[in-house]
1. Could you tell me the center-to-center distance, by alpha carbons, between region 67-84 and region 153-188 in angstrom?
2. Just to confirm the filter: which GluC sites (Glu not before Pro) across region 94-192 are DSSP coil and have at most 16 other Cβ within 10 angstrom of their Cβ?
3. May I have the extent of the alpha carbons of region 46-192 along their three principal axes, as whole Å values ordered from largest to smallest?
4. By its C-alpha gyration tensor, with a ≥ b ≥ c as the square roots of the eigenvalues, how is region 105-192 shaped: rounded for a/c under 1.5, else prolate for a/b larger than b/c, else oblate?
5. Mean separation of Cα pairs under 8 Å and 6+ residues apart, divided by the residue count of region 74-192: what relative contact order is that in percent?
6. Given the pairs Lys166/Lys192; Lys88/Lys108; Lys88/Lys118; Lys86/Lys118, which are separated by over 22 angstrom at their Cα positions?
7. With every atom except the alpha carbons ignored, what do you get for Rg and Dmax of region 143-192, in angstroms?
8. What does the C-alpha gyration tensor say about the overall shape of region 63-120? Classify as rounded when a/c is under 1.5, otherwise prolate if a/b is larger than b/c, or oblate.
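Laboratory data are not the source of any read-out in this text; all were calculated from the coordinates shown. What you see is a predicted model, and the numbers here were worked out from it, not measured in a lab. Methodologically, a virtual Cβ is constructed for each residue, glycine included, from the backbone with ideal geometry; neighbour enumeration extends over all protein chains shown.
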Amino acid sequence: MYEESHRTRISSALLSGGCWRDCTMLSSQVLRFVGKRALSTSVCLQGHGSVASQHTPLPAYQDHRALPLPEVNYVADLTPEQNLLKEKERELGSLLSASEKVELYRIKFNDTYADMNKGSSEWKSVLGGTLFFVGFTALVYMWQRKYVFGEIPHTLSDEWIAMQTKRMLDMRVNPVEGFSAKWDYDKNEWKK
């Protein structure tokens with residue numbers, strides 16, 4: 001559509017024999033059109049050339065429970081024994097022994113569903129690593145208690161806490177629902 005409108009403008013300008021302004025407009029339109037066309041053609045050729053020159057990889061084999069049939073066989077290059085077994089399967093498929101059936105299965109697949117569902121022993125290394133870091137953290141904590149924090153303040157001793165509690169009861173701190181409300185002042189003991 002765009003090309004046709006340009007062609008009609010160009011041909012009408014040539015036929016009319018217009019002034020210099022029309023010719024410059026005409027030449028600029030022609031160059032613009034030819035330039036766009038050449039650019040788009042060269043880009044297309046480069047794109048097609050690069051796609052053809054690249055090698056696309058084949059699908060890779062992958063065992064996964066959600067994908068029961070992989071795109072490619074596990075064994076890509078068959079040995080002569082495996083080729084004979086494949087021929088025997090084509091001719092006498094029902095007369096194969098159990099071991100031959102297993103060998104044919106191992107050509108197509110690496111793991112069975114039982115192998116894929118089998119638990120791993122990865123939990124042991126995870127648990128070992130976790131316990132190692134817990135132990136290391138305990139050692140750092142003990143080192144800090146001894147060398148970084150110093151002695152426990154005297155305000156955390158049992159005598160100091162008893163004196164502080166007695167003082168708070170004497171001052172009747174929070175007498176409605178709090179600390180002093182739980183103390184029986186007549187019997188001088190905690191309420192039961």
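1. 83 Å
2. Qualifying residues, ordered by number: Glu151, Glu177.
3. So the extents along the principal axes, rounded to whole Å, are 105, 54, 37.
4. Oblate, since a/c reaches 1.5 and b/c is not below a/b.
5. 13 percent
6. Working: Lys166/Lys192 18 Å; Lys88/Lys108 16 Å; Lys88/Lys118 32 Å; Lys86/Lys118 29 Å.
Pairs exceeding the cut-off: Lys88/Lys118; Lys86/Lys118.
7. Looking at region 143-192, its Cα Rg and Dmax stand at 15.9, 49 Å.
8. Here region 63-120 falls in the prolate category.
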